[in-house]
Amino acid sequence: MAGGAIVNTGGGKDYPGKLTLFVLLTCVVAATGGLIFGYDIGISGGVTSMDPFLKKFFPEVFRKKQEAKTNQYCKYDNQLLQTFTSSLYLAALVASFFAATVTRVLGRKWSMLVGGLTFLVGAALNGAAQNVAMLIIGRILLGIGVGFANQSVPVYLSEMAPARLRGTLNIGFQLMITIGILAAELINYGTNKIKAGYGWRVSLALAAVPAAIITLGSLFLPDTPNSLLERGHPEEARRMLRRIRGTEDIGEEYADLVAASEEAWQVQHPWRNILKRRYRAQLTMAVMIPFFQQLTGINVIMFYAPVLFETLGFKNDASLMSSVITGLVNVFATVVSIVTVDRVGRRKLFLQGGAQMIVCQLVVGTLIAAKFGTSGTGDIARGYAAVVVVFICAYVAGFAWSWGPLGWLVPSEIFPLEIRPAGQSINVSVNMFFTFCIAQAFLTMLCHFKFGLFYFFAGWVVIMTVFIALFLPETKNVPIEEMVLVWRSHWFWKKFIADEDVHVGGNHLQMAKNGGDTKGADA
Ligand code: BGC
């Protein structure tokens, strides 16, 4: 059975305990780590379409933009400009590997702190930039910050949350990403109006605000019981678990944590270990999920919305406004997944969101083709442009309740403790690598593929939707340290996991083999 899962029989298996205020607060604070990533995604597109910024750093692009009859698809095609946007992602890619060690050896919160501090310095450098070198070095520091935050925050959230609310609390991270994007877009809208021409400086320097939030926040966060135990503090771990679950009755969950950390102690080299056959399922997901997330094409909209809307013939101000609209849709649609993810599950959201994105991309591609054809010249009427924006919004909504949040949630919850930080940094680095590729290639792709770019991404969404249908088991409500049971009972992945590879606190192996209903096994 494709997607066969255990322990998701409507909350059939869960540990005792409730959602405590304490856990809610710690998760809200940790999730603010998403703000820095989001702010950054949202700020670059607007800044790179501001004339004073282009004049100062990329005069050639500015000149091309002025030439009235330039091909619409090609007017922004410039390597240096793309390097500005994408240098951050390469830095994040490399940083996430270092973050894995900090997260494992010192604990999750220290990675968040490093992330916040580095981002803060990057923001200062960018705001004060005098030349392209300062801009790019600043962006590299921002990237290191993002690498550390994205590596540690999702894991932290997934470990703190009670199993039945893990999706909801983890998606706080994606919600903060979308709020960061929206805030950045609103700020760009305002700073673009500054007549004296220093608006771009304000936009870039304000990145210090989200950085300060996560930096201060992380100082107050406790570490997760999973990490405390793994690092040899059993009493603290037990106390923390009682505190976050709000009950004395933590025996079963604690037993699972102990089993997980005993397993972890035997693993000296997580990086070598992750390649073992028994982790093939999780490793595949840690590579394919972020790869597919970027191949949805979402960042074409996120980075380049103002540029894209200008290409479509909107005036500068109107195009920033349209990207504010997509930003709002992004935030509100994320809330939909927060509410539904632990009820309907991850798979249904993936499949529904995917289908919606495919339809919208085909429509947008066709609308643009009809208007600009392949020559790329022509003017777009207001009503027509509005229809394009509506479909782009529906596409963004589809992403925002599927691949957006789940691209961070699923990889953070599927790995066993011993290789969880390593698995998450693979997720981050693959994500950043393909974010980099898209950021680097988009303007050139638009120039060559033209409207076909939308068909290109639609094709990828078809492939990833089939992939999910066949290979991703449902993970909702499954306790994080029992996740191996889900893979053990999946029609495809079970071949890769032997009985002796399954170590959980209780005697759950039999039920996994029985086809996965925990109710019977627990009774
Ligand atoms: C993705 C980003 C994207 C954002 C949009 C995130 O989950 O990783 O690449 O820009 O969602 O909201």
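A short reminder: the numbers here are calculations on the coordinates, not readings from a lab. Everything numeric in this text was worked out from a predicted model, so none of it was measured. Using ideal geometry, Cβ is built from the backbone for each residue, glycine included, and neighbour counts are taken over all protein chains shown.
Computed over Cα pairs, the Kirkwood radius of segment 205-273 leads via Stokes-Einstein (0.692 mPa s, 37 °C) to a diffusion coefficient of 233 µm² per second.
Shown for CYS437, CYS393: other C-beta atoms within 10 Å of each C-beta, ranked fewest to most, produce the order CYS437, CYS393.
By other beta-carbon atoms within 10 Å, ranking PHE97, PHE309 with the fewest at the front produces PHE97, PHE309. Nearest 10 degrees, 0 to 90: what angle lies between the long axis of helix 208-220 and the longest principal axis of the chain (Cα atoms)? So the inclination is approximately 10 degrees. Per-peptide packing, taken as the mean over residues of other Cβ atoms within 10 Å, places 17-24, 285-292 in the sequence 285-292, 17-24 from highest down. For the chain, the 222 nm mean residue ellipticity estimated from helices alone, with every DSSP H stretch of n ≥ 4 adding -39500 (n - 2.57) and the total spread over all residues, rounds to -23500 deg cm²/dmol. Sorted on the mean count of surrounding Cβ atoms within 10 Å across their residues, most packed first, peptides 212-223, 418-429, 133-144 read 418-429, 133-144, 212-223. Once the Cα-Cα distance is subtracted from the 0.36 nm per residue extended length, the GLU235 to GLN130 segment shows a gain of 32.5 nm.
Structure note, pairs LYS65/LYS315; LYS195/LYS371; LYS109/LYS494: Cα-Cα distances above 23 angstrom occur for LYS195/LYS371; LYS109/LYS494. The residues neighbouring VAL364, those whose beta-carbon lies less than 13 Å from its own, together hold a net charge of +2 under the Lys/Arg +1, Asp/Glu -1 convention.
The shape of the chain comes out prolate: with a ≥ b ≥ c from the C-alpha gyration tensor, a/c is at least 1.5 and a/b beats b/c.
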